[in-house]
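**Student:** Can you keep this structure in mind? I'll have questions shortly.
The values are calculated or read from the model by the stated rules, or taken from the named source; none is laboratory data. Everything numeric here is computed off the predicted structure, so don't read it as measured data. Here the Cβ is made from the backbone with ideal geometry for all residues, glycine too, and neighbour counts use every protein chain on show. These accessible areas exclude ligands, DNA and RNA; they are computed on the full protein's heavy atoms, side chains included. Shrake-Rupley method; radii C 1.70, N 1.55, O 1.52, S 1.80 Å.
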Amino acid sequence: MKKFVILAIIALGIISCTTQKATKKMEAPSEWKRHTNIYEVNIRQYTKEGTFRAFEKEMPRLKAMGVETLWFMPITPIATEKMKGTLGSPYAAADYTSINPEFGTMEDFKHLVDEAHQLGFKVIIDWVANHTGWNHVWTKTNPEFYLHDPDGNFHIASGMEDIIELDYSNQNMRNAMVEAMKFWVRETNIDGFRCDLASWVEVDFWQEARPKVETLKPLFWLGEFDELENPEYGKVFDASYSWTWMHKTENYYKNNLPLQELKDLLMKYSAIGDHSMRAWFTTNHDENSWNGTEYEKYGVIAKPLAVFSATWNGVPLIYSGQELPNLKRLEFFEKDAINWTGNYQLADFYRTLFSLKSSNPALRGGDPNVTTYFLNNSANDKILAYLRKNGNDEVLVVLNMSKDAVDFSIEDGNVGGTFKNLFDKTSRDFSSGKSFSMKAGDYAVFVK
């Protein structure tokens, strides 16, 4: 019966969040999580100094841009044994409860968090629970915390020679990990964690860790996993990665896939329901360094996809420098500062989207009161159009997902009345005028 209902929804071209029964989880998301956005901070490459204090000077600018949550890549010391490059990977920790001296001191970080809170930001830090670097303090004090190969050596993480994997069958190690996470909440008053390779760690650890850490305060938990592939993790985390979508959109652009394949994938994500949210993005530290900038991957549809990320059901996530835009791949193991020109060409673009996301009830993430409709149009193979509605609040999004200019009209009874164009501030009556002419890379967002 449930399959029949879902198929009927797809046949109508409608995705209704209200048809999904919200699965009860250990704690409902706080309200701020439903309207927030996340800005990933690469401290090493953000400024020439590469320090917390230097980054602090950028926070008022980011606040003015509408950023609400700052995610800091790992801030712990980097293991030197088998270190990659000159500076090593931030994801190869040498100690879970200390600060990387490259970035400053513990007092510097506490000061940053305090300043961020005064500006109204939430702060989350990267947490690397699956593995450590080779000379992490635990390798000396507690070698039994690690997986070992038959020859007795530490077990190398898959494909990454500079890190070794922890043993989650060891309860003492689990306890120590939870205490390390509690340390950062207690000592620095952070607001949550972005959990690296979350699905590489047994789900029952996160089920155990979250309530224990949250005895200190409610937190935001962003997990690096795709809920389509790891649905059990979605019952623990507030938000997860949309890896499948990210790869599919790149494949769509480079190999001219049918647009219907993207719509079908979005239906699968929506069928998960609203017990958790998805984080939507066009780039991050991994993608930028190893696979290319969003402009290398998506070309002319990079901006339409950014609009999508901020207006679909979930949480928009952007990376350091996207407001420039940043057109270069940043080195991962070396110093390679972002080339800040002082001209933030996309700051207004993101400010406009983030302001709408934070203020309009129709864009609340993970809210079962919000209904999302795909809108039929005369160029369904090139134009992605959808309407998000919460009571009297409506947001209509039209994206040219092709490489060409397109003339089309919206032919859908779900759209009617007068809307205001978010970007050019003009008004439009959709009861009569539904025709469009869009250039390649064009997008439009309308608010009722």
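**Student:** Compute the length gained on full extension between ASP167 and ALA440: take 0.36 nm times their separation in residues and subtract their Cα-Cα distance, giving the result in nm to one decimal.
**Tutor:** Gain in length upon complete extension: 93.2 nm.
**Student:** Picking from ASN421, ASN255, ASN37, which is most flexible by a Gaussian network model of the chain using Cα springs under 10 Å?
**Tutor:** ASN255
**Student:** How would you classify segment 249-328 from its alpha-carbon gyration tensor, with a ≥ b ≥ c the square roots of the eigenvalues: rounded for a/c under 1.5, else prolate if a/b is greater than b/c, otherwise oblate?
**Tutor:** The shape class here is oblate.
**Student:** Next question. Report, to the nearest whole %, how much of the accessible area of segment 63-127 belongs to carbon and sulfur atoms, 1.4 Å probe, protein only.
**Tutor:** Roughly 51 percent, rounded to a whole number.
**Student:** Any idea of the accessible area per residue across segment 189-321, 1.4 Å probe, to the nearest Å²?
**Tutor:** 28 Å²
**Student:** Can you give the calculated 222 nm mean residue ellipticity of the chain, where each DSSP H run of n ≥ 4 adds -39,500 (n - 2.57) and the sum is split over every residue, rounded to the nearest 500 deg cm²/dmol?
**Tutor:** Helices in the chain give a 222 nm mean residue ellipticity of -8500 deg cm²/dmol.
**Student:** Continuing with this model, one more query. How big is the Kirkwood radius of the chain, worked out from every pair of different alpha carbons and given in Å to one decimal?
**Tutor:** One over the average 1/r among Cα pairs gives 22.9 Å for the chain.
**Student:** For an R0 of 45 angstrom, estimate the FRET efficiency from the Cβ-Cβ distance between GLU261 and LYS57 and round to the nearest 0.05.
**Tutor:** Efficiency at R0 = 45 Å is approximately 0.55.
**Student:** Using a 1.4 Å probe on the protein chains only, how many percent of the accessible area of segment 227-356 belongs to carbon and sulfur?
**Tutor:** 48 percent
**Student:** Additional query: Carbon and sulfur: what percent of segment 398-448's accessible surface (1.4 Å probe)?
**Tutor:** Whole-percent figure for carbon plus sulfur exposure: 44.
**Student:** ³J(HN,Hα) across segment 175-191 via Karplus (A = 6.51, B = -1.76, C = 1.60, θ = phi - 60°), whole Hz, x for Gly/Pro?
**Tutor:** So the J values, rounded to whole Hz, are 4, 5, 5, 4, 5, 5, 5, 4, 3, 5, 5, 5, 8, 10, 6, 5, 10.
**Student:** For ASN291 paired with ASN369, estimate the spin-label separation in nm (one decimal), with each label point 7 Å from Cα along the Cα-to-Cβ line.
**Tutor:** 3.6 nm
**Student:** What ranking, highest mean first, results for peptides 47-53, 58-64 when packing means the other Cβ atoms within 10 Å averaged over each residue?
**Tutor:** 47-53, 58-64
**Student:** Could you go through segment 361-374 in sequence order and give the Karplus-derived ³J(HN,Hα) for each residue, using 6.51 cos²θ - 1.76 cosθ + 1.60 with θ = phi - 60°, rounded to whole Hz, and x for Gly and Pro?
**Tutor:** Couplings: x, 5, 10, 5, x, x, 9, x, 7, 8, 10, 10, 10, 6 Hz.
**Student:** Rounded to the nearest whole Å², what accessible area per residue is found for segment 322-448 with the 1.4 Å probe?
**Tutor:** In whole numbers, segment 322-448 has 42 Å² accessible per residue.
**Student:** Then there is this: Using Cα-Cα distances under 8 Å and only pairs 6 or more residues apart, what relative contact order does the chain have, in percent?
**Tutor:** Result for the chain is 17 percent.
**Student:** Also, quick follow-up: Of the listed peptides 369-377, 100-108, 313-321, what is their order by residue-averaged count of other C-beta atoms within 10 Å, with the highest listed first?
**Tutor:** Put in order of decreasing packing, that is 313-321, 369-377, 100-108.
**Student:** For segment 76-156, what is the accessible area per residue in Å², given a 1.4 Å probe and the full set of protein chains?
**Tutor:** Averaged over the residues of segment 76-156, the accessible area is 42 Å².
**Student:** How would you order 330-336, 145-151 from highest to lowest mean count of nearby Cβ atoms within 10 Å?
**Tutor:** With the highest mean Cβ count within 10 Å placed first, the list reads 330-336, 145-151.
**Student:** Per residue of segment 320-334, what does 6.51 cos²θ - 1.76 cosθ + 1.60 with θ = phi - 60° give for ³J(HN,Hα)? Whole Hz please, x for Gly and Pro, Karplus curve as stated.
**Tutor:** 3, x, 5, 6, 5, x, 8, 9, 10, 7, 8, 4, 9, 9, 10
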